[in-house]
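> Here you go, one structure.
Every number in this text was worked out from the coordinates using simple rules, so none of it is lab data. Everything numeric in this text was worked out from a predicted model, so none of it was measured. Quick reminder, even Gly has a Cβ in these numbers, built from the backbone with ideal geometry, and neighbours come from all protein chains shown.
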Amino acid sequence: MKLKLVFRRIIIVTSIIFLASCKDAQQIIPEEKEQFVDKVYPLLDTENSRWFFFSSASRPFGMVNLSPDTEIGGAWGSGYRYKTDTIKGFSHIHAWQMSGVSVMPVTISESNKHTIFKDFHSKFSHQTEKIAPGYHYLELDRYQIKSALTSTKRVGFHQYTFPNNEQASILFNLNTILGPCENTDGILEKNNKNELSGKVVMQPTHRRPKPLTIYFKIKLNNAIKSIEQDSITRNYLVHLNEPKEKVLMKVGISYTSIENANNNINEELPEWHFDNIVTQSKTEWNDLLGRIEVEGSKEVNQRRFYTDLWHALQGRRIISDVNGAYPDNTGEQFRIGKLPLDENGKPKFNHYNSDSFWGAQWTINTLWGLVYPEIMEEFVHSLMQYYKDGGIIPRGPSGGNYTYVMTGASSTPFIVSAIQKGIIKDDLEGIYQALKKNHMPNGIMAKAGYEHTTDLGGGLKYYIKNGFVPYPIPEGNFGGHQDGASLTMEYAYQDWALAQLAKKLELEDDYNYFLNRSKNYKNVFDTSVNWMRPKNVDGIWNTHFDPYQVEHGFIESNGAQSTWFVPHDLSGLATLIGGHEKAIKKLNAQFKTAEKLNFTAGTSHAVEGHPEYSRIPVNFGNQPSIQTSFIFNKLGRPDLTQYWSRNVINKTFSGLAPNTGYSGDEDQGLMGSLNVLMKIGLFQMNGGTEENPEYQIGSPLFNKITIKLNPDYYADSNFIIKAINNNVENVYVNKITLNNQPVETYNLSQSDIVKGGELVLEMSNKSNRN
């Protein structure tokens with residue numbers, strides 16, 4: 001249902017906008033007490049960003065993701081890239097496989113009036129740039145235009161100050177390559193002296209197989225003088241009457257109609273007060289960020305924490321209009337769907353575009369489920385809407401359609417976790433049957449990455465018949481990510497998660513069936529080499545096996561990393577390895593080696609396959625092994641979980657600069673969420689999918705952490721974590737009490753946490769093995 005902010009809204013003075021420095025990531029700190037939103041550093045890792053990574057003038061999960069583009073060619077290495085000093089436009093959609101509506105304020109003179117359509121880029125300087133969540137200001141040096149951007153959920157709001165004695169104009173680059181896809185068939189029409197409307201088509205991509213039309217409505221506070229269209233580029237130049245003041249422009253978008261784009265403006269942005277909208281946007285961000293309040297540790301660590309939390313609340317984007325209309329591309333013919341309405345005629349939830357839930361079990365499952373249950377509920381309803389429309393629960397929908405990004409049924413643990421936490425309570429039998437469909441032939445588990453027309457690439461029939469997915473799959477290559485050992489382990493975990501829901505519903509036969517399938521991971525463990533190892537369709541182990549060779553039977557990983565992908569049965573894995581002590585020794589050795597490379601395969605996803613980085617035995621830059629530091633906890637060595645988790649934080653996830661941050665693949669909040677969980681010292685190994693889900697306790701970075709629980713789902717209270725004597729050396733937890741009662745293990749249950757209370761951890765520089 002609608003996002004409900006459950007604590008008092010904090011009014012943020014509009015003038016408090018920080019200056020992001022290119023050298024030391026420092027910000028101008030206001031005299032007033034700094035708010036949560038002021039701690040966010042939006043430039044984090046922007047030297048490595050991809051199309052949907054960077055965000056500035058956007059709301060949480062907004063349909064509009066308005067920001068400047070310095071690179072526009074391709075999904076990777078595009079969008080806002082810190083080291084590129086040229087602005088190529090301000091575009092409104094930065095989403096998974098989606099882009100669109102790029103505009104550029106310009107001035108026209110005799111020298112450029114014949115070349116403006118092909119030569120319009122402008123230099124800018126980070127020295128005059130100001131960025132905060134919900135706001136972006138920069139100056140276009142070529143035109144001496146001061147540009148400020150903000151937005152509501154579905155409307156971009158621009159403010160331009162043009163120089164005097166110049167023809168003020170706005171270029172609409174509707175027909176262009178823009179990020180992951182080509183924008184074509186762009187049309188712009190003048191409706192009256194202050195309004196325009198139009199549409200543009202996002203062409204299909206390798207991942208999103210169908211086109212999608214973006215409709216938009218433009219409203220200006222300045223009269224339109226004329227419009228011209230270039231005969232070659234087919235783009236449009238809108239000339240304005242001489243502006244006496246700041247030019248304000250509203251850009252409402254919709255994936256259903258111009259009428260709905262206009263309605264989105266009328267509902268969300270009826271006013272013309274730019275500063276008010278900046279304040280409202282920052283307040284919305286501040287309220288969500290303030291659900292977790294951290295105290296203690298260095299200021300830079302607090303800033304990085306709230307930047308991580310900010311990343312966890314963006315990337316996955318709304319695609320439905322204010323009135324609930326949304327694009328449904330799941331069938332043979334495009335249709336406009338309508339979300340169910342509540343008693344007030346408002347949509348019960350928003351519909352979403354999303355990258356894969358691959359890795360969500362160790363990230364947003366836990367963070368959203370505990371701190372933002374209303375967000376988790378919305379996403380479950382959205383995933384189920386896709387099922388109602390197209391017959392399959394997606395793992396990464398784009399443009400109202402399936403993309404089949406990544407592998408398996410990665411939405412299963414997410415939805416099961418929401419049910420086990422009491423966030424989703426209705427129609428559990430119907431949800432179960434929908435999930436079960438994905439685990440059977442012809443379901444999404446049978447499809448490998450981007451396999452649109454067949455269901456052979458996932459090797460599911462072999463998994464069901466023989467207990468493992470072969471490598472290579474005999475039928476050939478269909479969509480990529482067809483690495484049999486990884487697929488086997490992934491399916492086994494997801495089967496276990498589904499079995500827990502079957503158990504809850506007392507479906508004994510199904511429970512036993514999927515529980516037995518969850519043991520299939522054992523079929524790709526080779527005791528002769530003590531690693532997970534791919535085998536071919538005849539059951540013969542892969543010859544010349546090298547556990548450090550990347551992507552030979554293992555998806556975006558190597559065998560050393562992926563051997564530990566058994567989150568549902570680590571005790572069983574330890575038995576295969578030779579017992580808990582041998583398993584602990586083996587993994588500890590991997591961490592010692594990985595530490596030399598700062599626990600990541602290079603500094604970005606693009607270099608993971610490089611020989612210098614690919615052989616790392618633990619990689620916190622990609623999803624397959626990001627859970628590994630908490631495995632020690634499950635094997636009886638919580639001190640090693642504490643030690644290595646704190647080391648990973650310090651070496652890998654403490655930077656605050658454009659050239660560092662995640663050192664890998666920050667898939668729409670997944671790595672940001674991981675960082676938050678590690679820094680507050682709470683984790684869920686199996687993604688919170690068992691009855692009364694369990695949290696493992698780690699080594700929190702901060703002295704005090706206050707989680708403000710949402711009373712619509714949990715107690716009207718706070719859950720507080722206090723780390724006594726916490727510092728850089730004191731990483732070990734020696735004593736635990738919950739509400740003044742001793743805790744003998746390093747685990748807490750969902751019911752322990754969501755009733756509120758105080759968890760006290762006594763920290764030390766010495767391990768307490770007992």
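> Please list the radius of gyration and Dmax for the stretch 280-337, considering alpha-carbon atoms only, with Å as the unit.
Both quantities, over Cα of the stretch 280-337: 18.0, 56 Å.
> Right, here's the next one. Distances longer than 17 Å among the Cα atoms of the stretch 221-291: what percent of all pairs is that?
In whole percent, the share of Cα-Cα pairs in the stretch 221-291 beyond 17 Å is 65.
> Tally Lys/Arg at +1 and Asp/Glu at -1 over every other residue whose Cβ is under 14 Å from the Cβ of residue 594; what's the total?
My count for the surroundings of residue 594 gives +2.
> How far apart, in nm, are two points set 7 Å out from the Cα along the Cα-to-Cβ line at residue 257 and at residue 34?
Output for this residue pair reads 4.9 nm.
> If packing is taken as the mean number of other Cβ atoms within 10 Å per residue, what is the order of 451-461, 535-545, 87-97, 173-183, highest first?
For the peptides 451-461, 535-545, 87-97, 173-183, the packing ranking is 87-97, 173-183, 451-461, 535-545.
> By how many nm would the segment from residue 111 to residue 166 grow when fully extended, if each residue of separation counts as 0.36 nm and the alpha-carbon distance is taken off?
18.6 nm
> Report the Rg/Rh value for the stretch 350-442, based on alpha-carbon coordinates and the Kirkwood definition of Rh.
Dividing the radius of gyration by the Kirkwood radius yields 0.92.
> Return the ratio Rg/(2.2 N^0.38 Å) for the stretch 437-495, where Rg is computed over Cα atoms only.
Normalised Rg, Cα atoms only: 0.95.
> Another question, then. Quick one: what are the phi-derived ³J(HN,Hα) couplings along the stretch 324-339, Karplus 6.51/-1.76/1.60 with θ = phi - 60°, whole Hz, x for glycine and proline?
Listing the rounded values in order: x, 6, 8, x, 10, 10, 7, x, 5, 10, 5, 9, 9, x, 9, 5 Hz.
> Beyond 20 Å, how much of the Cα-Cα pair distribution for the stretch 460-543 remains, as a whole percent?
The answer is 36 percent, as a whole percent.
> Can you compute 3J(HN,Hα) from phi for each residue in the stretch 238-253, using the Karplus curve 6.51 cos²θ - 1.76 cosθ + 1.60 with θ = phi - 60°, rounded to whole Hz and x for Gly and Pro?
Coupling constants for the stretch 238-253: 9, 8, 9, 4, 4, x, 8, 10, 5, 8, 10, 9, 9, 10, x, 10 Hz.
> In nm, what is the difference between 0.36 nm times the number of residues separating residue 195 and residue 728 and their Cα-Cα distance?
Stretched fully, the residue 195-residue 728 segment lengthens by 186.1 nm.
> Can you tally the net charge around residue 442? Count Lys and Arg as +1, Asp and Glu as -1, for every other residue whose Cβ sits under 13 Å from the Cβ of residue 442.
+2
> A further question on this structure: Kirkwood Rh over alpha-carbon pairs of the stretch 137-209, then Stokes-Einstein at 25 °C and 0.890 mPa s: what D in µm² s⁻¹, rounded to an integer?
Using the Kirkwood radius from Cα pairs, D works out to 164 µm²/s.
> Considering the options 430, 198, 653, tell which one lies farthest towards the positive end of the dipole of the chain, charges being +1 on Lys and Arg and -1 on Asp and Glu at the Cβ, about the Cα centre.
It is 653, whose Cα lies furthest towards the positive end.
> Moving on. How big is the gap, in Å, between the Cα center of the stretch 36-67 and the Cα center of the stretch 156-178?
A separation of 22 Å, based on Cα centres.
> For the stretch 70-140 and the stretch 266-307, what is the separation of their C-alpha centers, rounded to whole Å?
For the stretch 70-140 versus the stretch 266-307, the Cα centre distance is 24 Å.
> Right, next: Just to be sure I understand the model, the point goes 7 Å from the Cα along the line to the Cβ. What's the resulting residue 610 to residue 344 distance in nm?
5.3
> Among 90, 698, 464, pick out the residue whose Cα is farthest towards the positive end of the charge dipole of the chain, where Lys and Arg carry +1 and Asp and Glu carry -1 on C-beta, about the Cα centre.
Farthest towards the positive pole: 698.
> Would you mind putting 259-270, 639-650 in packing order, based on average other-beta-carbon counts within 10 Å, highest first?
Going by the mean number of other Cβ atoms within 10 Å, highest first, we get 639-650, 259-270.
> Rg to Rh for the stretch 283-415: what is it, with Cα atoms only and Rh by Kirkwood?
Ratio of gyration radius to Kirkwood radius for the stretch 283-415: 1.02.
> What does the charge count around residue 121 come to, taking other residues whose C-beta lies under 13 Å from its C-beta (Lys +1, Arg +1, Asp -1, Glu -1)?
With Lys, Arg at +1 and Asp, Glu at -1, the neighbours total -1.
> Reachable lysines from residue 225, Cα under 26 Å, same-chain residues fewer than 8 places away excluded?
88, 113, 118, 146, 190, 193, 199, 217, 244, 246, 250
> Same structure, new question: Rounded to a whole number, what is D in µm²/s for the stretch 104-259 from Stokes-Einstein with the Kirkwood radius over alpha-carbon pairs (25 °C, 0.890 mPa s)?
Estimated diffusion coefficient is 149 µm²/s.
> Give the average over all directions of the projected area of the C-alpha convex hull of the stretch 554-606, one decimal, in nm².
So the Cα hull casts an average projection of 4.2 nm².
> Now for a separate question. Could you tell me whether the stretch 223-356 comes out rounded, prolate or oblate from its Cα gyration tensor? Rule is a ≥ b ≥ c as square roots of the eigenvalues, rounded for a/c under 1.5, then prolate if a/b exceeds b/c, otherwise oblate.
Taking the square roots of the gyration eigenvalues as a ≥ b ≥ c, the stretch 223-356 is oblate.
> Modelling each spin label as a point 7 Å along the Cα-to-Cβ direction, I'd like the residue 125/residue 223 distance in nm, to one decimal.
It works out to 3.7 nm between the two label points.
> Compute the Cα gyration tensor for the stretch 548-662, then decide on rounded, prolate or oblate, letting a ≥ b ≥ c be the square roots of its eigenvalues: rounded whenever a/c is under 1.5, prolate when a/b is larger than b/c in the other cases, and oblate in all that remain.
oblate
> A further question follows. If you count, for each residue, the other Cβ atoms within 10 Å and average over each peptide, how do 346-353, 199-206, 71-78, 105-112 line up from highest to lowest?
346-353, 199-206, 71-78, 105-112
> A follow-up question, please. How large is the dipole of the chain about the Cα centre if only Lys and Arg carry +1 and Asp and Glu carry -1, each at its Cβ, rounded to the nearest 20 debye?
Rounded to the nearest 20 debye, it is 500 debye.
> Next question, about the same structure. Just rank 704, 33, fewest to most, by other beta-carbon atoms within 10 angstrom.
33, 704
> I would also like to ask the following. What is the distance in Å between the Cα centroid of the stretch 449-527 and that of the stretch 720-763?
First find each Cα centre; the distance between them is then 37 Å.
> A follow-up question, please. Please work out the Cα convex hull volume for the stretch 662-748 and give it in Å³ per residue.
Taking only Cα atoms, the stretch 662-748 has a hull volume of 136 Å³ per residue.
> Which number comes out as Rg/Rh for the stretch 616-689 once both Rg and the Kirkwood Rh are worked out on C-alpha atoms?
Here the Rg-to-Rh quotient is 0.95.
> Length gain on complete extension for the stretch residue 187 to residue 588, per 0.36 nm per residue less the alpha carbon to alpha carbon distance?
Result for the pair: 138.4 nm of gain on full extension.
> What are the residues whose amide H is under 5 Å from the amide H of residue 531, where those residues sit 5 or more places off or on another chain and H is modelled from the backbone?
For residue 531, the qualifying residues are 526.
> Here is a further query. If R₀ is 30 angstrom, what is the calculated FRET efficiency for the pair residue 691 and residue 332, using the beta carbon separation as r and rounding to 0.05?
Efficiency at R0 = 30 Å is approximately 0.15.
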